[in-house]
Amino acid sequence: MSSKSKPLLTSSLGKKLIMSLTGLFLCSFLVVHLIGNLQLFKNDEGYAFNNYAYFMTHFAPIKVVSYLLYASVIIHAIYALTLTLKNKSARPVSYNQGSGNVNSKWNSRNMGILGTVILVFLATHMQNFWFQYKFGTTPYVEYNTELATGNREIIASDVLPSNYDGYKTFVNNGIETVQTKDLYKQVAYTFQNPFIVLFYVIAMAALAFHLIHGFQSAFQTLGFNHRRYIGFIKGLGIWVFGILIPLAFAAMPLYFYFK
(Lines give C-alpha, C1' and ligand atoms only; values in the text may rest on other atoms or scores of the structure.)
Protein backbone atom coordinates (compact mmCIF):
# COMPACT_ATOMS: atom_id res chain seq x y z
CA MET A 1 0.00 0.00 0.00
CA SER A 2 1.43 3.37 -1.00
CA SER A 3 1.89 6.05 1.59
CA LYS A 4 0.07 9.34 1.18
CA SER A 5 2.18 11.18 3.75
CA LYS A 6 4.01 14.28 2.58
CA PRO A 7 7.76 14.84 2.90
CA LEU A 8 8.56 16.68 6.09
CA LEU A 9 9.86 19.85 4.44
CA THR A 10 6.73 20.29 2.30
CA SER A 11 4.20 19.39 5.01
CA SER A 12 2.57 21.98 7.23
CA LEU A 13 4.59 20.76 10.19
CA GLY A 14 7.81 20.93 8.17
CA LYS A 15 7.07 24.45 7.06
CA LYS A 16 6.34 25.48 10.65
CA LEU A 17 9.64 23.96 11.76
CA ILE A 18 11.55 25.85 9.07
CA MET A 19 9.71 29.06 9.96
CA SER A 20 10.67 28.55 13.59
CA LEU A 21 14.35 27.93 12.80
CA THR A 22 14.63 30.85 10.37
CA GLY A 23 12.71 33.07 12.78
CA LEU A 24 15.07 32.28 15.67
CA PHE A 25 18.05 32.85 13.37
CA LEU A 26 16.65 36.27 12.48
CA CYS A 27 16.18 36.97 16.20
CA SER A 28 19.85 36.22 16.83
CA PHE A 29 20.74 38.58 13.98
CA LEU A 30 18.67 41.33 15.60
CA VAL A 31 20.79 41.09 18.73
CA VAL A 32 24.06 41.34 16.78
CA HIS A 33 22.72 44.12 14.55
CA LEU A 34 21.54 46.11 17.55
CA ILE A 35 24.91 45.82 19.31
CA GLY A 36 26.66 47.14 16.19
CA ASN A 37 24.16 49.93 15.60
CA LEU A 38 24.55 51.18 19.16
CA GLN A 39 27.76 52.73 17.82
CA LEU A 40 25.47 55.42 16.39
CA PHE A 41 25.02 56.85 19.88
CA LYS A 42 28.74 57.44 20.39
CA ASN A 43 29.74 61.09 20.35
CA ASP A 44 32.61 60.56 17.88
CA GLU A 45 31.18 61.92 14.60
CA GLY A 46 30.56 58.40 13.34
CA TYR A 47 34.13 57.09 13.74
CA ALA A 48 33.15 53.82 15.47
CA PHE A 49 30.01 53.27 13.39
CA ASN A 50 31.73 53.84 10.03
CA ASN A 51 34.48 51.38 10.94
CA TYR A 52 31.81 48.91 12.02
CA ALA A 53 29.91 49.42 8.74
CA TYR A 54 33.00 48.66 6.69
CA PHE A 55 33.80 45.56 8.75
CA MET A 56 30.26 44.21 8.40
CA THR A 57 30.24 44.64 4.61
CA HIS A 58 33.74 43.32 3.86
CA PHE A 59 34.62 40.62 6.41
CA ALA A 60 34.17 37.33 4.51
CA PRO A 61 32.47 35.26 7.27
CA ILE A 62 30.02 38.10 7.90
CA LYS A 63 29.20 38.26 4.19
CA VAL A 64 28.43 34.53 4.21
CA VAL A 65 26.13 35.00 7.20
CA SER A 66 24.44 37.90 5.40
CA TYR A 67 23.54 35.61 2.49
CA LEU A 68 22.05 33.15 4.99
CA LEU A 69 20.16 36.08 6.47
CA TYR A 70 18.66 37.11 3.13
CA ALA A 71 17.69 33.51 2.43
CA SER A 72 16.10 33.19 5.88
CA VAL A 73 14.00 36.32 5.35
CA ILE A 74 12.75 35.06 1.98
CA ILE A 75 12.04 31.52 3.18
CA HIS A 76 10.36 32.76 6.37
CA ALA A 77 8.10 35.10 4.38
CA ILE A 78 7.21 32.55 1.68
CA TYR A 79 6.37 29.81 4.16
CA ALA A 80 4.35 32.23 6.27
CA LEU A 81 2.37 33.24 3.19
CA THR A 82 1.72 29.66 2.07
CA LEU A 83 0.61 28.57 5.54
CA THR A 84 -1.68 31.61 5.85
CA LEU A 85 -3.30 30.94 2.48
CA LYS A 86 -3.68 27.25 3.29
CA ASN A 87 -5.34 28.03 6.61
CA LYS A 88 -7.74 30.45 4.95
CA SER A 89 -8.65 27.99 2.22
CA ALA A 90 -9.29 25.30 4.84
CA ARG A 91 -11.55 27.69 6.74
CA PRO A 92 -13.45 29.67 4.08
CA VAL A 93 -15.93 31.03 6.60
CA SER A 94 -14.24 33.41 9.04
CA TYR A 95 -14.73 33.06 12.74
CA ASN A 96 -17.20 35.35 14.40
CA GLN A 97 -15.34 38.65 14.80
CA GLY A 98 -16.68 39.17 18.28
CA SER A 99 -15.14 35.95 19.60
CA GLY A 100 -11.67 36.47 18.19
CA ASN A 101 -10.12 37.72 21.38
CA VAL A 102 -11.46 34.72 23.27
CA ASN A 103 -9.58 32.24 21.06
CA SER A 104 -6.33 34.11 20.44
CA LYS A 105 -4.51 37.37 20.94
CA TRP A 106 -4.62 40.19 18.39
CA ASN A 107 -1.00 39.83 17.30
CA SER A 108 -1.29 36.07 16.79
CA ARG A 109 -4.30 36.64 14.49
CA ASN A 110 -2.53 39.34 12.51
CA MET A 111 0.98 37.96 12.07
CA GLY A 112 0.57 38.29 8.29
CA ILE A 113 -0.15 42.03 8.49
CA LEU A 114 2.68 42.58 10.96
CA GLY A 115 5.05 40.57 8.78
CA THR A 116 4.07 42.59 5.70
CA VAL A 117 4.87 45.85 7.50
CA ILE A 118 8.25 44.39 8.51
CA LEU A 119 8.98 43.28 4.92
CA VAL A 120 8.22 46.76 3.58
CA PHE A 121 10.44 48.19 6.30
CA LEU A 122 13.30 45.85 5.38
CA ALA A 123 13.08 46.85 1.71
CA THR A 124 13.06 50.55 2.67
CA HIS A 125 15.91 50.08 5.14
CA MET A 126 18.07 48.24 2.60
CA GLN A 127 17.45 50.90 -0.03
CA ASN A 128 18.20 53.79 2.33
CA PHE A 129 21.43 52.38 3.73
CA TRP A 130 22.80 49.14 2.27
CA PHE A 131 22.15 50.09 -1.36
CA GLN A 132 23.36 53.66 -0.88
CA TYR A 133 26.48 52.44 0.90
CA LYS A 134 27.33 49.89 -1.78
CA PHE A 135 26.17 51.61 -4.97
CA GLY A 136 24.77 55.05 -4.17
CA THR A 137 26.05 58.50 -3.28
CA THR A 138 27.22 57.98 0.28
CA PRO A 139 29.21 60.93 1.72
CA TYR A 140 32.94 60.75 2.50
CA VAL A 141 34.88 61.32 5.70
CA GLU A 142 38.52 61.25 6.74
CA TYR A 143 39.49 60.94 10.41
CA ASN A 144 42.98 62.06 11.43
CA THR A 145 43.67 61.11 15.04
CA GLU A 146 46.78 62.04 17.01
CA LEU A 147 47.62 58.81 18.79
CA ALA A 148 49.47 60.57 21.60
CA THR A 149 46.66 62.93 22.55
CA GLY A 150 43.52 61.44 21.00
CA ASN A 151 42.75 64.74 19.27
CA ARG A 152 40.88 64.14 16.04
CA GLU A 153 40.56 66.24 12.91
CA ILE A 154 37.72 65.44 10.54
CA ILE A 155 37.62 66.15 6.81
CA ALA A 156 34.13 65.55 5.45
CA SER A 157 32.43 65.83 2.08
CA ASP A 158 28.91 65.21 0.83
CA VAL A 159 30.36 63.34 -2.16
CA LEU A 160 33.20 60.87 -2.56
CA PRO A 161 36.45 62.44 -3.84
CA SER A 162 37.36 61.55 -7.42
CA ASN A 163 40.49 59.75 -6.20
CA TYR A 164 38.68 57.66 -3.56
CA ASP A 165 39.57 54.00 -4.07
CA GLY A 166 38.08 52.36 -1.02
CA TYR A 167 38.42 52.22 2.75
CA LYS A 168 41.95 52.89 4.01
CA THR A 169 43.54 53.13 7.41
CA PHE A 170 47.20 53.90 8.08
CA VAL A 171 49.52 55.60 10.58
CA ASN A 172 52.00 58.30 9.62
CA ASN A 173 54.03 60.49 12.01
CA GLY A 174 51.92 59.46 14.98
CA ILE A 175 48.65 60.24 13.22
CA GLU A 176 46.15 57.52 12.43
CA THR A 177 44.18 58.23 9.26
CA VAL A 178 40.94 56.50 8.33
CA GLN A 179 39.39 57.22 4.94
CA THR A 180 35.93 55.78 4.40
CA LYS A 181 32.40 56.26 3.19
CA ASP A 182 30.40 58.18 5.77
CA LEU A 183 27.37 55.99 6.42
CA TYR A 184 26.91 57.79 9.73
CA LYS A 185 26.15 61.04 7.90
CA GLN A 186 23.85 59.11 5.53
CA VAL A 187 21.93 57.90 8.57
CA ALA A 188 21.76 61.43 9.98
CA TYR A 189 20.48 62.80 6.66
CA THR A 190 17.86 60.10 6.26
CA PHE A 191 16.44 60.53 9.74
CA GLN A 192 15.83 64.23 9.24
CA ASN A 193 12.75 63.20 7.24
CA PRO A 194 9.82 63.01 9.69
CA PHE A 195 7.86 60.59 7.49
CA ILE A 196 10.76 58.12 7.42
CA VAL A 197 11.20 58.45 11.18
CA LEU A 198 7.48 57.85 11.74
CA PHE A 199 7.53 54.82 9.45
CA TYR A 200 10.54 53.35 11.29
CA VAL A 201 8.81 53.77 14.65
CA ILE A 202 5.62 52.14 13.33
CA ALA A 203 7.68 49.29 11.85
CA MET A 204 9.40 48.72 15.19
CA ALA A 205 5.97 48.57 16.87
CA ALA A 206 4.97 45.93 14.31
CA LEU A 207 8.21 44.08 15.01
CA ALA A 208 7.48 44.15 18.73
CA PHE A 209 4.03 42.57 18.35
CA HIS A 210 5.39 40.09 15.79
CA LEU A 211 8.18 38.93 18.11
CA ILE A 212 6.06 38.78 21.27
CA HIS A 213 4.03 36.04 19.63
CA GLY A 214 6.57 34.61 17.19
CA PHE A 215 9.46 34.04 19.60
CA GLN A 216 7.47 31.89 22.03
CA SER A 217 5.60 30.18 19.18
CA ALA A 218 8.89 29.14 17.55
CA PHE A 219 10.06 27.37 20.71
CA GLN A 220 6.69 25.66 21.11
CA THR A 221 6.87 24.39 17.53
CA LEU A 222 10.32 23.00 18.23
CA GLY A 223 8.99 21.23 21.31
CA PHE A 224 10.43 23.53 23.99
CA ASN A 225 7.23 24.03 25.94
CA HIS A 226 7.93 22.35 29.27
CA ARG A 227 6.61 24.21 32.30
CA ARG A 228 10.14 24.40 33.75
CA TYR A 229 11.38 26.82 31.13
CA ILE A 230 8.36 28.06 29.16
CA GLY A 231 8.05 30.96 31.60
CA PHE A 232 11.64 32.02 30.92
CA ILE A 233 11.12 31.74 27.14
CA LYS A 234 7.91 33.76 27.34
CA GLY A 235 9.58 36.45 29.46
CA LEU A 236 12.57 36.60 27.11
CA GLY A 237 10.25 36.94 24.13
CA ILE A 238 8.22 39.73 25.70
CA TRP A 239 10.79 41.81 27.59
CA VAL A 240 13.89 41.41 25.40
CA PHE A 241 12.66 40.74 21.87
CA GLY A 242 9.22 42.31 22.19
CA ILE A 243 10.11 45.45 24.12
CA LEU A 244 13.82 46.16 24.66
CA ILE A 245 15.14 45.47 21.14
CA PRO A 246 12.34 47.26 19.21
CA LEU A 247 12.56 50.25 21.57
CA ALA A 248 16.33 50.46 21.05
CA PHE A 249 15.95 50.38 17.26
CA ALA A 250 13.12 52.94 17.39
CA ALA A 251 15.32 55.23 19.50
CA MET A 252 17.86 55.56 16.68
CA PRO A 253 15.75 57.53 14.17
CA LEU A 254 14.28 59.60 17.02
CA TYR A 255 17.79 60.37 18.30
CA PHE A 256 18.91 61.77 14.95
CA TYR A 257 15.66 63.61 14.28
CA PHE A 258 15.73 65.49 17.58
CA LYS A 259 19.53 65.75 17.82
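The values are calculated or read from the model by the stated rules, or taken from the named source; none is laboratory data. Everything quoted here is computed from the prediction, not taken from an experiment. So basically every Cβ, Gly included, is an ideal-geometry build from the backbone, and we count neighbours across all protein chains shown.
Tabulated values for the structure
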| item | result |
| --- | --- |
| Where residue 245 falls short, out of the listed (1) under 19 Å from the mean Cα position of the chain (by Cα); (2) assigned to a loop (DSSP other than H, G, I, E, B) | (2) |
| Some residue of region 120-132 being part of a loop (DSSP other than H, G, I, E, B), closer than 26 Å to residue 254 by Cβ and not small (Gly, Ala, Ser) | no |
| Within region 68-97, considering residues that are among the small types (Gly, Ala, Ser) and farther than 24 Å from residue 23 by Cα, the one modelled with the lowest pLDDT | 94 |
| Number of the exception - residue 216 against (1) free of Cβ contacts under 8 Å to residues at least 40 places away in the same chain; (2) closer than 29 Å to residue 47 by Cβ; (3) polar (S, T, N, Q); (4) crowded, with 19+ Cβ neighbours inside 10 Å | (2) |
| Number of positions in region 142-181 that are exposed (fewer than 11 other Cβ atoms within 10 Å of the Cβ) and either of a type in the set (Lys, Arg) or outside any loop (DSSP other than H, G, I, E, B) (or both) | 3 |
| Cβ pairs under 6 Å, 6+ apart, first in region 29-45 and assigned to a helix (DSSP H, G or I), second at pLDDT below 95 | 29/69 |
| Test: residue 23 is of a type outside the set (S, T, N, Q), modelled with pLDDT of 95 or more and touching a helix residue (DSSP H, G or I) at 6+ places or on another chain (Cβ under 6 Å) | no |
| Some residue of region 219-242 being closer than 22 Å to residue 125 by Cβ and either polar (S, T, N, Q) or not assigned by TED's automatic domain parsing to the domain that holds residue 119 (or both) | no |
| Some residue of region 46-67 being of a type outside the set (A, V, I, L, M), outside any helix (DSSP H, G or I) and at pLDDT 80 or above | yes |
| Positions within region 68-91 being of a type in the set (Lys, Arg) and in a helix (DSSP H, G or I), in sequence order | 86, 88 |
| Residue within region 193-212 that is within 30 Å of residue 143 (Cβ to Cβ), modelled with pLDDT of 95 or more and in a loop (DSSP other than H, G, I, E, B) present | yes |
| Qualifying residue in region 158-165 (condition: without any contact (Cβ under 8 Å) to a residue 40 or more places away in the chain and closer than 27 Å to residue 77 by Cβ) | no |
| Tally, over region 39-55, of residues that are among the hydrophobic types (A, V, I, L, M, F, W, C) and buried (at least 16 other Cβ atoms within 10 Å of the Cβ) | 4 |
